[in-house]
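A.B. asks: Structure in structure tokens, see below.
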Amino acid sequence: MNVGGIELIKVRENLWEIPATGQMRVPGRIYISQDMIEKGMKDNEALKQVVNVAHLPGIEKYSLAMPDIHWGYGFPIGGVAATNLDEGVISPGGVGYDINCGVRLATTNLEYERVKNRIDDLVAKLFRAVPTGVGASGAIKKLSTNDLKKVLTKGSVWALENDLGTSSDIDFTEESGTLKNADTEVVSQRALERGADQVGTLGSGNHFLEIDVVEEIYDVKVAEVFGLFQGQIVIQIHTGSRGLGYQVCDDYLKVLLKASSKYGFKLPDKQLACAPIKSQEGQDYLAAMQAAANFAWNNRQVIMHLAKKVFKETFAMTETELGFKLLYDVCHNIAKIEKHKIGKEEKEVCVHRKGATRAFPPGSKMIPAKYQGVGQPVLIPGDMGRYSYVLVGTDKAMEETFGSSCHGAGRNLSRTKALKYAKGRDIVKELKQKGIVIQAKGYKTIAEEMSDAYKDVSDVVDVMHKEGITRKVAKIKPVGVIKG
Amino acid sequence: MSRSYNFIDHTADIAVEISGSSLEDLFTAGAEAWQHSIVDEIKIEADDFIEIELSSSSKEELLITFLNELNYLLLTKKWLCISIQALKIFDDIDECELSAELKGIKVKNDIQLKQEIKSVTYHQVEIVDANGNYSTLVVFDI
């Protein structure tokens, strides 16, 4: 198949390869159905980015893309690339502006049928408790620079030490909520300023806090291990490192643009600015990015704590009665040093996941002991009017995608087009008729974020399921939505 | 002196084509597009000013640095730039420099921001000089 001049060779039903040509160091591989290519890839911009990434020094095996592939800055969204630690590079374009943007899902003992009349009340209280929207701030008191630096070093452990979380929350967070080599000395004063009053805030755009109901279970055994049952109320949070992460990315794009020129890299796109991982510039970015990632884990932890408090107060329940437990927290914008099999040997590589979720298999020592028999929970948010998915990681993900899967639906319409589609409609009322209560800072966000603006996330998770990269465990649907 | 900006459809973010009869006009057009993206028409007069001096290794990087400076002032200092005075750009082979006096206001609850621009990106930014008419695409990540 030819998409805008780029030849795609079918490897399997839902796997396509771009052969390595010219200066490409490895082939490109895209997990996607033919139907999704024909309907969703009207131009080849995202595919060109898969090709661009294949030029990066030290890239191993393939420049990969997940089925939610779409055009991004530098890497495509849905892009995965591993670079070796000897001559390989690290690039902020492989992580994104919102460092450690991610998702967490908490389970409760509550059943929808028993609480369905309280959703309006819950949404209103959650909206008051968790600051949302442009430049949202003030969820907790503004942190001193010293305290903020502790957040950047400790991640969600800072929340635990400040009575904003439990040790179980830490156990069920990817990397236990802390990347250990974070260094606050390489984070700019501007980044610190932008983050100081944003701990515990959702922000704007596609970030959200949702009350969901488990609608369908696909894998009873795994769902039981994850603590999921049909009709159960669960809470989903999607946000990242806020202004602090955006500033770190911005600061280091400048540094790495200079470095790219210094090390003689010819870049097809400035947003692919990079430096050798071993270089001072590469190490500084890695340490600053880890600090921002820690901020994000702590941010989601604090938001969950605020949400838990609202649930406890609303239902006048103790923590045990409520059974509010973090199922898992995953990041989908990150670069991490991990061990993977390259050829016959296992070696450390820097895995860039830009709009892709880690999906480690059963037996991995990198996931909580409770999940080692079944694999890592992989959380895939959809849109606010339909559904999201809980998946589980597999051995095949380790063999083929550096233990990675998809991350979400991806937009179908621009915000301007979404606003045109919404004209003359009452999206809040439409959602209400579907049993979904929504509250946002403004109606414009609701219109921009409506279901019609997004692709169907089930198409994305089905590709990963059919290819055996992740397996479907449960589908959850929203009943209460807080938007920025 | 002439300048313009024109938004083009973008699925996830905001893309705008800017042009101007000088680099100063081009940068001012970029600032106006940035402002239009985050606030509706401003009816309040500027009552404060900030002087800035920036430098970068190319005029493209300088443009992005300049627009990100406006974004930083808004999101962190809660200070909205309304107009740009005495803008001067020096475009040398190795280094480009900019100085300007920004006129603006401290943002309070009287101004509703339409959206948050995470950052002004380097994506596809390439300043083309067609016989003294400068133009480029700029993409805002939101």
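The values are calculated or read from the model by the stated rules, or taken from the named source; none is laboratory data. Keep in mind that what you see is a predicted model, and the values were worked out from it rather than measured. Using ideal geometry, Cβ is built from the backbone for each residue, glycine included, and neighbour counts are taken over all protein chains shown.
A.B. asks: Select, from B:I50, B:I84, the only residue that is away from every other protein chain (no Cβ under 14 Å), closer than 25 Å to A:R190 by Cα, surrounded by fewer than 16 Cβ atoms within 10 Å (Cβ to Cβ) and β-branched (V, I, T). Let's see the steps before the verdict.
C.D. replies: Numbers: B:I84 fails: surrounded by fewer than 16 Cβ atoms within 10 Å (Cβ to Cβ).
None of the other options fit; the residue is B:I50.
A.B. asks: Which condition breaks for A:D86 when tested against (1) in a loop (DSSP other than H, G, I, E, B); (2) touching a strand residue (DSSP E or B) at 6+ places or on another chain (Cβ under 7 Å)?
C.D. replies: (2)
A.B. asks: Which of the residues that make up the stretch A:153-189 are in a helix (DSSP H, G or I), at positive phi and crowded, with 24+ Cβ neighbours inside 10 Å?
C.D. replies: Residues of the stretch A:153-189 that are in a helix (DSSP H, G or I), as a first pass: A:153-154, A:156-161, A:167-171, A:174-177, A:184-186, A:189.
Remaining after also requiring at positive phi: A:175-177.
If the condition is that a residue be in a helix (DSSP H, G or I), at positive phi and crowded, with 24+ Cβ neighbours inside 10 Å, then A:G177 is the only one that fits.
A.B. asks: Now for a different question. Going by what's in this entry, would A:S144 be described as at negative phi, modelled with pLDDT of 95 or more and among the small types (G, A, S)? Please lay out each step first, then the result.
C.D. replies: Numbers: at negative phi: yes; modelled with pLDDT of 95 or more: no; among the small types (G, A, S): yes.
When the stated conditions are applied, A:S144 does not pass them.
A.B. asks: In the list B:E95, B:E51, B:E116, B:E101, which residue meets the criterion of being of a type outside the set (G, A, S) and within 28 Å of A:S204 (Cβ to Cβ)? Let's see the steps before the verdict.
C.D. replies: Working: B:E95 fails: within 28 Å of A:S204 (Cβ to Cβ); B:E51 fails: within 28 Å of A:S204 (Cβ to Cβ); B:E101 fails: within 28 Å of A:S204 (Cβ to Cβ).
Among B:E95, B:E51, B:E116, B:E101, only B:E116 is of a type outside the set (G, A, S) and within 28 Å of A:S204 (Cβ to Cβ).
A.B. asks: Answer yes or no as to whether B:V139 is within 13 Å of chain A (Cβ to nearest Cβ) and either in a strand (DSSP E or B) or loosely packed, with under 14 Cβ neighbours inside 10 Å (or both).
C.D. replies: Details: within 13 Å of chain A (Cβ to nearest Cβ): yes; either in a strand (DSSP E or B) or loosely packed, with under 14 Cβ neighbours inside 10 Å (or both): yes.
Here the answer is yes, as B:V139 does meet what is asked.
A.B. asks: Here's a check for you: in the stretch A:256-281, which residue that is polar (S, T, N, Q) and outside any loop (DSSP other than H, G, I, E, B) is farthest from B:N68 (Cα to Cα)?
C.D. replies: Going residue by residue through the stretch A:256-281, those that are polar (S, T, N, Q) are A:260-261, A:271, A:279-280.
Filter again for outside any loop (DSSP other than H, G, I, E, B), leaving A:260-261, A:271, A:280.
Values: A:S260: 21, A:S261: 22, A:Q271: 15, A:Q280: 25 Å.
The residue in question is A:Q280.
A.B. asks: If you don't mind, there's one more thing I want to ask. Out of the stretch A:221-255, which residues are of a type in the set (A, V, I, L, M, F, W, C) and either within 10 Å of chain B (Cβ to nearest Cβ) or not in a strand (DSSP E or B) (or both)? Lay out the reasoning, then the answer.
C.D. replies: Step one: list which residues in the stretch A:221-255 are of a type in the set (A, V, I, L, M, F, W, C), which gives A:222-223, A:225-226, A:228-229, A:233-235, A:237, A:244, A:248-249, A:253, A:255.
Hits for the stretch A:221-255 are A:V222, A:A223, A:V225, A:F226, A:L228, A:F229, A:L244, A:V248, A:C249, A:L253, A:V255.
A.B. asks: When the residues of the stretch A:170-207 are filtered to those that are touching a Lys or Arg at 6+ places or on another chain (Cβ under 7 Å) and modelled with pLDDT of 95 or more, which remaining residue is farthest from A:K308 (Cα to Cα)?
C.D. replies: Of the residues in the stretch A:170-207, the ones touching a Lys or Arg at 6+ places or on another chain (Cβ under 7 Å) are A:174, A:178, A:184, A:195-198, A:201, A:203.
When the remaining residues are screened for being modelled with pLDDT of 95 or more, the result is A:174, A:178, A:184.
Numbers: A:E174: 20, A:T178: 22, A:T184: 30 Å.
So, considering only residues that are touching a Lys or Arg at 6+ places or on another chain (Cβ under 7 Å) and modelled with pLDDT of 95 or more, the one farthest from A:K308 (Cα to Cα) is A:T184.
A.B. asks: Separate question: Any residue that is part of a helix (DSSP H, G or I) and surrounded by fewer than 20 Cβ atoms within 10 Å (Cβ to Cβ) - is there at least one of those in the stretch A:204-216? Give the steps one after another, and end with the answer.
C.D. replies: Pass one, the stretch A:204-216, residues part of a helix (DSSP H, G or I): none.
No, because not a single residue in the stretch A:204-216 is part of a helix (DSSP H, G or I) and surrounded by fewer than 20 Cβ atoms within 10 Å (Cβ to Cβ).
A.B. asks: Just to be sure before I move on: is A:Y454 surrounded by fewer than 21 Cβ atoms within 10 Å (Cβ to Cβ) and modelled with pLDDT under 95 in the structure I sent? Explain how you work it out, then say what you get.
C.D. replies: Numbers: surrounded by fewer than 21 Cβ atoms within 10 Å (Cβ to Cβ): no; modelled with pLDDT under 95: yes.
Spelling it out, it is not the case that A:Y454 is surrounded by fewer than 21 Cβ atoms within 10 Å (Cβ to Cβ) and modelled with pLDDT under 95.
A.B. asks: Now for a different question. Take A:F295 and decide whether it is more than 14 Å from chain B (Cβ to nearest Cβ) and over 21 Å from the mean Cα position of the chain (by Cα). Step through it out loud before you land on a result.
C.D. replies: Working: more than 14 Å from chain B (Cβ to nearest Cβ): yes; over 21 Å from the mean Cα position of the chain (by Cα): no.
Against the criterion (more than 14 Å from chain B (Cβ to nearest Cβ) and over 21 Å from the mean Cα position of the chain (by Cα)), A:F295 does not qualify.
A.B. asks: Just to check your reading of the model, which residue among A:V51, A:V80 is among the hydrophobic types (A, V, I, L, M, F, W, C) and not in a strand (DSSP E or B)?
C.D. replies: Values: A:V80 fails: not in a strand (DSSP E or B).
So the residue among A:V51, A:V80 that is among the hydrophobic types (A, V, I, L, M, F, W, C) and not in a strand (DSSP E or B) is A:V51.
A.B. asks: Could I ask something else about it? Condition test on A:R415, is it out of contact with any Ser or Thr (no Cβ under 8 Å at 6 or more places or on another chain), more than 23 Å from A:Y389 (Cβ to Cβ), buried (at least 16 other Cβ atoms within 10 Å of the Cβ) and of a type in the set (D, E, K, R)? Before you say what the answer is, go through the steps one by one.
C.D. replies: Details: out of contact with any Ser or Thr (no Cβ under 8 Å at 6 or more places or on another chain): yes; more than 23 Å from A:Y389 (Cβ to Cβ): yes; buried (at least 16 other Cβ atoms within 10 Å of the Cβ): yes; of a type in the set (D, E, K, R): yes.
The answer is yes for A:R415.
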